[in-house]
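Chemist: One structure coming up, written as structure tokens, with questions to follow.
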Amino acid sequence: MTNIDRAFVGSIPAVYDRYMRPLIFEPYAQDLAQRMGTLRHHTILETAAGTGVVTAALAAKLQPGEKLLATDLNPAMLAVAEAAIHEAAVSFQPADALSLPFESDSFDLVVCQFGIMFFPDKLAGCREAFRVLNKRGTFLFNVWDTLEFNELASVANATIAKMFPDNPSHFMARTPHGYNDVHGIKATLEAAGFTHVTADIVPKRSHAPSARDAAVGYCQGTPMRNEIESRQAGKLEEATDRCEAAFREKFGTGPIDTLIQAIIFTAKKS
């Protein structure tokens with residue numbers, strides 16, 4: 001288990017699914033599901049499926065005879081998805097996206113939502129997607145744009161960094177929002193063997209019923225929790241309170257409606 005995998009254990013998967021799923025992940029899950037409809041996809045592999053937000057969106061679009069296999073390296077995350085999704089055409093299997101336990105040329109489509117940023121070896125992950133795709137297969141995935149275009153993450157990142165001036169945490173800037181150079185990502189995909197790579201910048205809106213919900217999601221439902229607790233034990237609630245206050249100052253006392261932005265990549269095998 002890698003450091004990133006250890007960051008998604010304990011209560012984090014449940015909090016992540018409750019708060020972060022509707023806050024930032026659901027809009028792009030629906031986007032990927034819509035894009036899937038324009039592609040050949042009798043057999044679909046999802047990597048880094050997490051708690052199943054994309055799995056559910058894809059499952060709702062499946063036609064008779066189509067099958068979806070959802071995988072994730074972290075059993076705790078995948079267990080949340082498997083408990084919630086009961087479709088005969090959907091199956092689940094723990095698997096490492098950097099070393100997939102599947103035969104070459106096995107799938108028409110590989111889908112990955114906001115997972116590639118966590119891959120310790122991005123090229124290896126792209127090569128594995130290329131390997132398991134059949135001759136006319138497609139790799140469909142998204143990454144977050146910079147913090148400039150993701151206001152909640154930006155505020156949370158700055159707030160937590162200020163808590164620990166001698167050892168500031170910049171998790172949001174470093175990982176979820178740290179892999180978005182379009183030219184660099186295209187070069188990696190091409191090095192893995194893909195052709196006809198396209199990238200679409202897609203802005204959407206993030207909604208939270210309250211600043212508290214957003215603060216709990218970011219501080220307690222993401223690996224930022226581990227960064228807080230590793231710096232000083234017992235500071236999680238204070239960090240959550242500080243983020244809530246910062247969100248209120250930035251977005252007001254009512255429900256939050258703010259910008260999020262991602263980049264969607266489509267890469268063809270041939």
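Chemist: Which pairs have Cβ atoms under 7 Å, sit 6 or more apart or on different chains, and link a residue in region 76-92 that is closer than 10 Å to Thr51 by Cβ to one that is assigned to a helix (DSSP H, G or I) and of a type in the set (D, E, K, R)?
Modeler: Note: pairs meeting the criteria are Val80/Asp17.
Chemist: To continue, here is another question. Which residues, counting only those in region 221-236, are aliphatic (A, V, I, L, M) and farther than 20 Å from Ser154 by Cβ?
Modeler: Ala233, Leu236 - these are the residues of region 221-236 that are aliphatic (A, V, I, L, M) and farther than 20 Å from Ser154 by Cβ.
Chemist: Being farther than 18 Å from Ala173 by Cβ, at pLDDT below 95 and over 24 Å from the mean Cα position of the chain (by Cα) is the requirement here; does Ala245 meet it?
Modeler: No: the conditions fail for Ala245.
Chemist: Can you tell me which of (1) out of contact with any Lys or Arg (no Cβ under 8 Å at 6 or more places or on another chain); (2) at pLDDT below 95; (3) over 23 Å from Leu259 (Cα atoms) is the one Ala83 doesn't meet?
Modeler: Only one criterion in (1) out of contact with any Lys or Arg (no Cβ under 8 Å at 6 or more places or on another chain); (2) at pLDDT below 95; (3) over 23 Å from Leu259 (Cα atoms) is unmet by Ala83, namely (2).
Chemist: Answer yes or no: is there a residue in region 7-26 that is acidic (Asp, Glu), touching a residue at least 24 places away in the same chain (Cβ under 8 Å), more than 23 Å from Asn226 (Cα to Cα) and crowded, with 23+ Cβ neighbours inside 10 Å.
Modeler: no
Chemist: In region 104-147, which residues are over 14 Å from Arg40 (Cβ atoms), out of contact with any helix residue (DSSP H, G or I) (no Cβ under 8 Å at 6 or more places or on another chain) and among the charged types (D, E, K, R)?
Modeler: If the condition is that a residue be over 14 Å from Arg40 (Cβ atoms), out of contact with any helix residue (DSSP H, G or I) (no Cβ under 8 Å at 6 or more places or on another chain) and among the charged types (D, E, K, R), then Asp121, Glu128, Arg131, Asp145 are the ones that fit.
Chemist: Hey, can you tell me all the residues within region 158-199 that are part of a strand (DSSP E or B), at pLDDT 95 or above and either aromatic (Phe, Trp, Tyr) or exposed (fewer than 13 other Cβ atoms within 10 Å of the Cβ) (or both)?
Modeler: Within region 158-199, His196, Thr198 meet the criteria.
The values are calculated or read from the model by the stated rules, or taken from the named source; none is laboratory data. Computed from a predicted model, the values in this text were never measured in an experiment. Glycine gets a Cβ as well: all are built from the backbone with ideal geometry, and neighbour counts include every protein chain shown.
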